[in-house]
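Worksheet: one structure, shown below.
Readers should treat all values here as calculations from the given coordinates under stated rules, not as data from a laboratory. Please read all numbers here as calculations on a predicted model, not as lab measurements. Cβ placement follows ideal geometry from the backbone for every residue including glycine, while neighbour counts extend to all protein chains displayed.
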Amino acid sequence: MGYACPVCEAPQQDAAHLADHLAFTAIVHHDDHESWLEEHVGDWGQYGTDDLAEIVVELATSVKYDQVFEDTVHRQHGRQMHDSSHHTTSAGDEVEIGTMTETMETQMDEETQTVINEARKLTAQMIHTEDEGGDATNDEKTDARERLANKSDDSADSTE
């Protein structure tokens, strides 16, 4: 058993996944998912997953799926890959998964791409620091103090 998204009919394994799917898609794409949430929930952005799930599950269609969701996903090269290589859009058009990823990346504006690249860089640094057993927070504080000290020294030199 699961739930079909009331907007795009994408299968969701439970109410929490349905709520997360609706909210995440609404935030990222500002599409029909956002319109649906605004119409049916109103202040949906104020809810956490559990509270939003209680509301949206009452408005969604319960559907019996042939396979358990975790069984339809395979790990391959560190990424999750679905059994099929296509996705059906809300308009009923089939799109290759690779094409969807490429399209999403090319549709990002420069500022969004910069933010994503920075997040990836910071995540990699955090993982590297954790692997070494260090504390990224203290390292960052030390770096910030050194930069502030250098700026203070530079300011003092320019006023003399």
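Here are some notes:
- Volume per residue that the Cα convex hull of the stretch 1-65 spans, once the total is divided by residue count, Å³: 66 Å³
- The string of couplings for the stretch 10-16 from the Karplus curve (6.51, -1.76, 1.60, θ = phi - 60°) is 5, x, 10, 6, 7, 4, 5 Hz, one whole number per residue in order, with x for Gly and Pro.
- Report note on the peptides 47-56, 26-35, 3-12: ranked by the mean count of other C-beta atoms within 10 Å, highest first, their order is 3-12, 47-56, 26-35.
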